[in-house]
Amino acid sequence: MPSPSAYPQLAGRLFEIAQEGRVFPDSKTFVDCVPVEEPGSIRERFTAEYEGEDGELDDVVDGDLDLAGFVHENFTLPEDPVTAADPSTTSMEWYIDGLWPHLIRDPIDRREGETVIPLPNRSVIPGGRFRESYYWDSYFVAEGLAVAGRVDVVEDIVENFASLIDRFGFIPNGNRLYYTTRSNPPCFHLLLDLLSDERGPGIARQYLPHLEREYEFWMDGADGLERGEAYRRVVGLEEGVLNRYWDDQPRPRPESYREDVELAERVDREPESIYRDVRAACESGWDFSSRWFDGEGIETIHATDRVPVDLNALLYGTERSIARWYDDEDPETAAEYREAAEARRAAIDRYCWDPEREFYFDHSRSRGDRTDSWTLAGVVPLFSGAASQEQADAVAETLEERFLRPGGLVTSLRYSGEQWDAPNGWAPLQWMAIVGLRRYDHSELAQEIAGRWLDLNREVFERTGRMLEKYDVTGGRGEGGGGEYPLQFGFGWTNGVALALPRLFY
């Protein structure tokens with residue numbers, strides 16, 4: 001597969017000028033465009049028409065630069081296929097069922113000049129500006145697909161992810177070339193568990209080598225890591241090794257190039273440092289949240305400084321799943337993974353559990369202590385089974401007292417203007433909280449959260465005819481907001497969780 005630098009909509013002078021010149025309001029639009037002919041020819045035409053001998057833009061010799069016209073002439077724009085429904089003629093559930101044909105994509109072959117990564121089987125996109133499949137989104141989508149009787153699509157998703165692991169050594173954030181330097185919260189083991197429940201353990205066990213290879217990606221550099229050191233996604237602490245989010249490319253994100261460059265210009269730090277922290281937060285899926293900030297805004301982002309409780313809880317689940325799959329054929333290897341899981345659980349307790357506040361927090365390496373950010377990342381140890389009963393009881397009480405709102409659970413207790421903070425609620429976090437609470441016998445609270453969330457989904461749908469990416473759970477009209485881009489519709493994981501939640505209780 002060609003390097004991203006070979007694509008004029010990902011790198012080079014045309015790319016930089018188009019993004020900085022705001023040809024499209026959303027920076028992601030240009031990187032998703034498809035060249036109408038061979039990319040090299042477009043580069044040559046741009047150079048011939050708009051650059052002088054010194055390589056600088058020359059709009060004196062060649063006339064005023066009509067950059068938007070050049071882009072529209074040489075690229076096909078991406079489409080948003082998802083439309084609103086008439087809620088007077090259909091229910092929320094029927095609308096979701098009717099959306100699957102719009103969100104499920106056929107196998108993707110390599111097409112000249114397109115930034116989409118080929119996939120051998122069907123995939124599911126979230127919708128809106130998200131025109132490709134995403135790693136952790138796909139797990140929550142799959143839970144809904146299983147309820148809808150579309151386990152065949154779940155099998156396709158798993159096979160696609162195995163193919164990506166074969167090619168890249170991990171599952172990229174999304175199936176675009178510009179996402180291949182980072183992953184997403186590790187949910188592959190959850191997909192295998194779901195598939196095993198639906199089809200039997202034999203079909204999922206064949207992907208054990210892929211699950212182990214993904215685990216090796218997250219643990220790269222752990223052997224021999226000294227206390228206080230960090231390498232890529234591993235962090236050496238006094239009482240063991242834990243993980244952090246990371247990205248291997250310290251440059252502006254192509255899909256948010258203008259935003260990143262402008263951010264770096266406002267911050268008194270090395271640009272490479274700010275770019276790395278921004279990208280690491282994107283690997284977390286929480287792009288962006290005050291949990292990554294040392295101060296009042298994104299200018300203070302230090303995501304690589306954090307040891308995130310949610311990431312380590314999911315890797316605990318990965319270790320437990322691998323051990324379980326090895327039980328029958330290799331008990332010795334199974335025991336090694338269980339030992340690793342228990343060591344991680346002890347380290348999560350040491351660095352992320354706060355016995356005084358009785359809740360889980362991210363650990364700050366620079367501070368040498370837990371952060372002050374109350375967020376729903378603290379429910380993931382319950383979801384993965386890493387919490388004790390006493391810890392789960394305390395978390396349940398905190399959720400009810402601090403996080404519960406009329407529309408479900410609020411993402412954090414801070415109003416920062418970022419989308420992964422108050423007043424927003426997100427389907428994946430509702431799901432993990434509800435499943436985690438039920439796991440520790442807090443079913444009444446779990447059902448209350450689920451009911452409030454589904455009631456909000458339905459109320460907004462019946463008023464707008466749409467399923468939303470995120471919701472304002474604190475009251476009012478319910479539409480979420482904040483962040484880098486406008487509210488999106490579709491929406492993959494919201495649909496999946498809306499279908500899957502009722503099955504937990506009935």
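The values are calculated or read from the model by the stated rules, or taken from the named source; none is laboratory data. Note that the coordinates shown come from a computational prediction; the quantities given were computed from them, not determined experimentally. Cβ: placed from backbone, ideal geometry, glycine included. Neighbour counts: every protein chain shown.
For the reader, a short list of remarks on this structure follows.
- Flag for Glu239 being farther than 30 Å from Ser5 by Cα and out of contact with any Cys (no Cβ under 9 Å at 6 or more places or on another chain): yes
- Of the residues screened, Ser366 is not one that is part of a loop (DSSP other than H, G, I, E, B) and either touching a strand residue (DSSP E or B) at 6+ places or on another chain (Cβ under 9 Å) or surrounded by 20 or more Cβ atoms within 10 Å (Cβ to Cβ) (or both).
- Per-region count, the range 42-87, residues among the hydroxyl-bearing types (Ser, Thr, Tyr) and modelled with pLDDT of 90 or more: 1
- Residue in the range 247-257 that is in contact with an Asp or Glu (Cβ under 7 Å, 6 or more places away or on another chain) and free of Cβ contacts under 8 Å to residues at least 40 places away in the same chain present: yes
- Any chance Arg338 is buried (at least 21 other Cβ atoms within 10 Å of the Cβ) and part of a helix (DSSP H, G or I): no
- Of all residues assigned to the range 422-430, at least one qualifies as being touching a Ser or Thr at 6+ places or on another chain (Cβ under 8 Å), surrounded by fewer than 24 Cβ atoms within 10 Å (Cβ to Cβ) and closer than 30 Å to Val261 by Cβ.
- Test: residue in the range 341-357 that is buried (at least 20 other Cβ atoms within 10 Å of the Cβ), in contact with a Ser or Thr (Cβ under 7 Å, 6 or more places away or on another chain) and part of a strand (DSSP E or B): no
- Any hit, the range 463-472, residues being among the small types (Gly, Ala, Ser) and touching a residue at least 40 places away in the same chain (Cβ under 8 Å): yes
- Filter result for Gly407 (surrounded by 18 or more Cβ atoms within 10 Å (Cβ to Cβ) and in contact with a Leu (Cβ under 7 Å, 6 or more places away or on another chain)): yes
- Contact annotation: residue pairs with Cβ atoms under 9 Å, 6 or more positions apart or on different chains, pairing a residue in the range 474-499 that is within 20 Å of Glu418 (Cβ to Cβ) and assigned by TED's automatic domain parsing to the domain that holds Trp453 with a partner that is basic (Lys, Arg) and part of a strand (DSSP E or B), are Thr474/Arg405; Gly475/Arg405.
- When the range 466-506 is limited to residues that are closer than 21 Å to Lys28 by Cβ and of a type in the set (Gly, Ala, Ser), the one that is nearest to the chain's Cα centre (by Cα) turns out to be Gly492.
- When Leu242, Leu225 are screened for being of a type outside the set (Asp, Glu), surrounded by fewer than 24 Cβ atoms within 10 Å (Cβ to Cβ) and over 23 Å from Asn175 (Cα atoms), only Leu225 passes.
Conditions tested, residue by residue: (1) outside the structural domain of Cys187 (by TED's automatic domain parsing); (2) within 21 Å of the chain's Cα centre (by Cα); (3) over 22 Å from Ala204 (Cβ atoms).
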site	(1), (2), (3)
Gly295	yes, no, yes
Val307	yes, yes, yes
Leu314	yes, yes, no
Tyr337	yes, no, no
Ala343	yes, no, yes
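- Any hit, the range 184-200, residues being touching a Leu at 6+ places or on another chain (Cβ under 7 Å), surrounded by fewer than 23 Cβ atoms within 10 Å (Cβ to Cβ) and at pLDDT below 95: no
- Hits in the range 245-264 (condition: among the hydrophobic types (A, V, I, L, M, F, W, C) and either closer than 21 Å to Ile171 by Cβ or out of contact with any Pro (no Cβ under 7 Å at 6 or more places or on another chain) (or both)): Trp246, Leu263
- Against the list (1) in contact with an Asp or Glu (Cβ under 9 Å, 6 or more places away or on another chain); (2) under 30 Å from Ser416 (Cβ atoms), the condition Glu356 fails is (1).
- Where helices (runs of 4 or more DSSP H) fall entirely within the range 377-469, those with at least 1 residues that are touching a His at 6+ places or on another chain (Cβ under 8 Å) and at negative phi are at 389-398.
- Close pairs from the range 219-234: first at pLDDT below 95, partner part of a loop (DSSP other than H, G, I, E, B) and exposed (fewer than 11 other Cβ atoms within 10 Å of the Cβ), Cβ under 6 Å, at least 6 apart: Arg227/Glu238
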